[in-house]
Each structure stands twice: as structure tokens, then as C-alpha cells.
1. Answer yes or no: is there a residue in the range 23-33 that is in contact with a helix residue (DSSP H, G or I) (Cβ under 6 Å, 6 or more places away or on another chain) and either at pLDDT below 90 or part of a strand (DSSP E or B) (or both).
2. Before we move on, is residue 90 surrounded by fewer than 16 Cβ atoms within 10 Å (Cβ to Cβ), at pLDDT below 85 and within 29 Å of residue 23 (Cα to Cα)?
3. If I filter the range 32-54 for residues that are farther than 19 Å from residue 137 by Cβ, within 14 Å of the chain's Cα centre (by Cα) and exposed (fewer than 15 other Cβ atoms within 10 Å of the Cβ), do I get at least one hit?
4. For residues that are modelled with pLDDT of 90 or more and either farther than 25 Å from residue 66 by Cβ or in the same structural domain as residue 92 (by TED's automatic domain parsing) (or both), tally how many sit in the range 34-49.
5. Just checking, how many residues over the range 97-115 are surrounded by 15 or more Cβ atoms within 10 Å (Cβ to Cβ) and either in a loop (DSSP other than H, G, I, E, B) or modelled with pLDDT of 90 or more (or both)?
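The values are calculated or read from the model by the stated rules, or taken from the named source; none is laboratory data. Keep in mind it's a predicted model, so treat the numbers as computed, not measured. Cβ placement follows ideal geometry from the backbone for every residue including glycine, while neighbour counts extend to all protein chains displayed.
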């Protein structure tokens, strides 16, 4: 009786371990792993993968789809500038350390850039292109790409 109970327990434990070991990653996502609390160079791309239970666990679920971030700032002349930054992750390996604070980082860099822009007229398109170029220069090192920016300056 005790042997059969132990066998059932072992079978249930093995089934649970197997169930926790198989991870299905949806299309357009990348998952990063930590092994024993340390960052692992292993990325899980779309598909089905084996993960060692209790040794490896998923730390970030990075979406490779585009994201939109609304901005509110003031330019050098004190005018209110509203806008949207469209960004996406191109290199998940480089974006993994900063992905938790990516939106905050983008907002801070954009706000600082808008504050320092010299308003040379009402050409929002030129200012948006300059902001996009500046953001890509700063964020490119983190594997983040700014695809488009839109600005609306209010007087």
C-alpha cells in the first residue's frame, strides 16, 4: 500500500515537473532567463522550449511589437509640447537589462532633448525628426529603436 502511494506521488511529481519545464513562447515575443539568480545568455524565441525547473526561470517577457509613448514637455521658449514616440525592441539581448524602465528612460531622454531644443519656428516635422535622431543615438546602445515621433507644439 505504501509502495503504491509512493509510486503515485512520484508519477504526479514527474508530471508536474515536466509540465513546468515546457514553455510555449508566442510569436512576436522573446523571453529571457535567469539561471540560479544570475542572468543567463539564453533567450527563448517564438516556439516551444525546455526550461530546467527550479534552476531557470523567466525574468522578462519582451514584446517585439511596436509601442507608443505619450509625451508632455516644455521647450526652451516655455511652450508646451505634446507628442508621441513610437518605439520597439530590435535587440532583446541588449534591451534585457533596461526593459523594465524603458518607458521611463525614453520619456526622460525625450523631455531633456525637447527642453534643450532651440525653437526655430513652428516646424514640428523638423523638430520631430531631430528628436527621433537624438533618441536613436541614445537608445540604440540598449537595442531600442525609435521608429517615429510626432510633436504638437502649443503656444
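1. Scanning the range 23-33 turns up at least one residue that is in contact with a helix residue (DSSP H, G or I) (Cβ under 6 Å, 6 or more places away or on another chain) and either at pLDDT below 90 or part of a strand (DSSP E or B) (or both).
2. Taking the combined requirement at face value, the residue does not satisfy it.
3. no
4. 1
5. Residues that pass the stated criteria total 8.
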